[in-house]
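Chemist: Okay, here's the structure, questions in a sec.
The values are calculated or read from the model by the stated rules, or taken from the named source; none is laboratory data. Everything numeric here is computed off the predicted structure, so don't read it as measured data. Here Cβ is always computed from backbone atoms with ideal geometry, including for glycine, and neighbour counts include all displayed protein chains.
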Amino acid sequence: MVDGGTRPGAQEITQAPWIHLTPLARPIPNDLLHGPLDPGETEVIALALERNDPALVLILDDDPARNEASSRGLAVTGTAGVALLAKRRGLLDLVAPVLEELQDVGLYLSAAVVETIIQSANEGRG
């Protein structure tokens, strides 16, 4: 895991008891290692492939990483999908303000994704 420095939430992440660093047991496959993904995305996909657990769902927001994971048979969701799941499980009252906050701190979410998540959360605008 890369040091988050002074980025928002970096301190909390390093102290979260539910986050565990898991080293890879095998080298990253060459075709994945030399692809267009950043090192973090590459390692997440490699670890998921190594684990071979159909219950794993990768949280990836960048399209190239999502496409790579999906092409390898891995389940994928994005940060917005995690927010929707949190609402469905009663951890959030509303998902729309969370999406707005995520966009405010720099997460790109297309208008279509935002609308789909808001509709799926039964928070129609109007």
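Chemist: Residues being modelled with pLDDT of 95 or more, among the charged types (D, E, K, R) and more than 19 Å from residue 33 (Cβ to Cβ): count how many of those fall in region 62-92.
Modeler: The qualifying residues number 3.
Chemist: Then there is this: Take residues that are surrounded by 13 or more Cβ atoms within 10 Å (Cβ to Cβ) and without any contact (Cβ under 8 Å) to a residue 40 or more places away in the chain and tell me which of the helices (runs of 4 or more DSSP H) falling wholly in region 9-54 contain 2 or more.
Modeler: By residue number, 30-33, 39-51.
Here's the yes/no breakdown for (1) more than 21 Å from residue 9 (Cβ to Cβ); (2) of a type outside the set (Gly, Ala, Ser); (3) touching a Ser or Thr at 6+ places or on another chain (Cβ under 9 Å):
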| site | (1), (2), (3) |
| --- | --- |
| 34 | yes, yes, no |
| 47 | yes, yes, yes |
| 69 | yes, no, no |
| 77 | no, yes, no |
| 82 | no, yes, no |
| 96 | no, no, no |
| 117 | no, yes, no |
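Chemist: Would you kindly identify the helices (runs of 4 or more DSSP H) lying entirely within region 72-126 that contain at least 1 residues that are over 28 Å from residue 6 (Cβ atoms) and touching a Leu at 6+ places or on another chain (Cβ under 6 Å)?
Modeler: Output list reads 111-120.
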